[in-house]
Amino acid sequence: MSLRHSTSMLRRTAAAASAGAGSRAGATRSLFGFSKKKSALPAAPPPLLAQDDLFHPLSKSPFAEMRAKGERIQSLAYCPVSLDKHGEKIHVAFECPDCGYPTHATQERWQEDTERGRYWPRLREANEDEHDLRSGREMTEFTLPGEQAYEEAVSMGNWDVFLYTRGFASIDTERSRRHVSKLLTYPMSIASVIHENSPYTLRNSRLLPEGLRSLVALRQALHPGPILSGDIRLSRPPVPVRIFVLGARAESSLPPDVLKQLSHVFPRAPIHLFFVGPEAILPPAARTAVNDSVYGVPSHTRISNENLTLTTLQCDYSEIHDSLGPFDPYLDVFFAFSPGFGFPAEDGSGKTQLETNWLQSVLSILETKCALFCTGFSPSDVERDVVALDKSEGIKGEFDWLLTPGENVFGSEKWEVAEFDPRVAVKTNWGIYGIRGKRYEVREDQ
């Protein structure tokens, strides 16, 4: 299941809750109708699946989406035992009885696989999670809290303490927590880095001294003190902190209520969030013609609330960089979710994505001296990016590390299964690291 599917379920849940609230608010009682019985609200429909009936082989799933997923896997994935032991390239067809995914060509080849115990438990978990999202139960974990009171501190230590200090409804199961983590991983990965209560510190060696220097001023802008009478800030409009999300894909389709969770943890700071990328998703009814766009590219801007403005730019970042300047390291910060710097270039040149598709964008960002934080979907993905950064001409040696590569405290806890090989499963935003263009100190000879 893609993030788009999970967020569409949130929209349906929010719409249902809103409709229920509207029907209650619209119920009135006549002046002489005190003895009349109140009309009962319609009962919620029973779930399609009970919580003890979430496991189904994909081919026998009650949901067409899951059956279609199984068919795609059968058309894309090859049997690992047939390929490795018998030299045969055969598509998977047999569904593992333990996890419900098609994993091998036949039952005999499945029985031959001595490694299946390594991956079937996570496939089973993914199977049940996907069916739970479609089960029709009330998704109470998707009831999102509003703005944080100024005097109430938010803890960013981990998902559990964050959900508790933000006032989420009680998350009673690991499955519910996985759902929430998948939904909120994008806004909370951003917040966890730039918030003053960040889990990345000098003490745990994740944040480096250069990183602290880069974030101190940014955090002051995000956590301003209360405005008192005579404060100079009363005479001028606040300057928003700009957060640029590069190579935006699924994250640009998140509902505004989800993205508001970012501004809710910074209740006194205006934030302008930019989604930039060729695959960034524009609202269907708001596709701006290039000639009518302020930025000269297909774009859309909406004000989510008084402290959050959302702008989507459907283009490569290098096309729009100059139009977005000038940049201020105290007010601007960049994020790239799973940019794939270390993957091979699509042109077959033997170079990496960083040396081709991303080169000009990253060079421009390094020149601004603003921080750039990137995520990866697995340890190997993060390692590929780090190697690419250290080897790419024009980039290697031209940046300082701000945040050491490692696990992202607010990565998704939900397994995403690769349809080309079900043995491959990753977690969105598993790891995170940060860099900034190198600053050179000029010293005068005495």
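The values are calculated or read from the model by the stated rules, or taken from the named source; none is laboratory data. Here the structure is a predicted model, which is why all the values come from computation and not from measurement. With ideal geometry, Cβ positions are generated from the backbone for all residues, glycine too; neighbour counts draw on all protein chains shown. Just so you know, the surface numbers come from the protein's heavy atoms only, side chains and all, with ligands and any DNA or RNA stripped out. Shrake-Rupley method; radii C 1.70, N 1.55, O 1.52, S 1.80 Å.
The table below lists the values:
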| read-out | value |
| --- | --- |
| Matching entry among ILE171, ILE190 (being of a type in the set (A, V, I, L, M) and part of a loop (DSSP other than H, G, I, E, B)) | ILE171 |
| Considering residues of segment 147-164 that are open to solvent by less than 40 Å² (accessible area, probe 1.4 Å) and more than 19 Å from the chain's Cα centre (by Cα) only, the residue farthest from ASP53 (Cα to Cα) | ALA149 |
| Residue selected from segment 200-210 under the condition touching a helix residue (DSSP H, G or I) at 6+ places or on another chain (Cβ under 9 Å) and surrounded by 17 or more Cβ atoms within 10 Å (Cβ to Cβ), by the criterion farthest from ASN408 (Cα to Cα) | LEU207 |
| Test: residue in segment 252-263 that is modelled with pLDDT of 95 or more, touching a Phe, Trp or Tyr at 6+ places or on another chain (Cβ under 6 Å) and buried (at least 19 other Cβ atoms within 10 Å of the Cβ) | no |
| Failed condition for ASP421, given (1) part of a loop (DSSP other than H, G, I, E, B); (2) closer than 30 Å to GLY157 by Cα | (2) |
| Per-region count, segment 82-120, residues more than 19 Å from VAL426 (Cβ to Cβ), open to solvent by 60 Å² or more (accessible area, probe 1.4 Å) and among the charged types (D, E, K, R) | 6 |
| Residue list for segment 58-78, restricted to those being within 23 Å of GLU115 (Cβ to Cβ) and either of a type in the set (Asp, Glu) or in contact with a Phe, Trp or Tyr (Cβ under 8 Å, 6 or more places away or on another chain) (or both) | LEU58, GLY70, ILE73, LEU76, ALA77 |
| Within segment 219-247, tally of residues that are at pLDDT 95 or above and open to solvent by less than 10 Å² (accessible area, probe 1.4 Å) | 5 |
| Some residue of segment 125-140 being open to solvent by 40 Å² or more (accessible area, probe 1.4 Å) and without any contact (Cβ under 8 Å) to a residue 24 or more places away in the chain | no |
| Among the candidates GLY325, GLY348, residue that is within 29 Å of HIS223 (Cα to Cα) and modelled with pLDDT under 95 | GLY325 |
| So ASP400, is it over 20 Å from the mean Cα position of the chain (by Cα), more than 26 Å from PRO187 (Cα to Cα) and not in a loop (DSSP other than H, G, I, E, B) | no |
| SER170 vs. criteria farther than 15 Å from SER263 by Cα, open to solvent by 10 Å² or more (accessible area, probe 1.4 Å) and modelled with pLDDT under 95 | yes |
| Where a residue in segment 95-121 is of a type in the set (Gly, Ala, Ser) and at pLDDT 95 or above and its partner, wherever it lies, is part of a helix (DSSP H, G or I) and open to solvent by less than 50 Å² (accessible area, probe 1.4 Å), with Cβ under 7 Å and at least six apart | GLY100/LEU58; GLY100/ASN127; ALA105/SER82 |
| Condition broken by ASN408, with the remaining ones in (1) touching a Pro at 6+ places or on another chain (Cβ under 9 Å); (2) closer than 20 Å to PRO199 by Cα; (3) surrounded by 23 or more Cβ atoms within 10 Å (Cβ to Cβ) satisfied | (1) |
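Per-residue answers, yes or no, for (1) at pLDDT 90 or above; (2) touching a strand residue (DSSP E or B) at 6+ places or on another chain (Cβ under 6 Å); (3) not charged (D, E, K, R); (4) not in a helix (DSSP H, G or I):
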residue	(1), (2), (3), (4)
ALA25	no, no, yes, no
SER30	no, no, yes, yes
LYS36	no, no, no, yes
LEU41	no, no, yes, yes
ALA44	no, no, yes, yes
PRO47	no, no, yes, yes
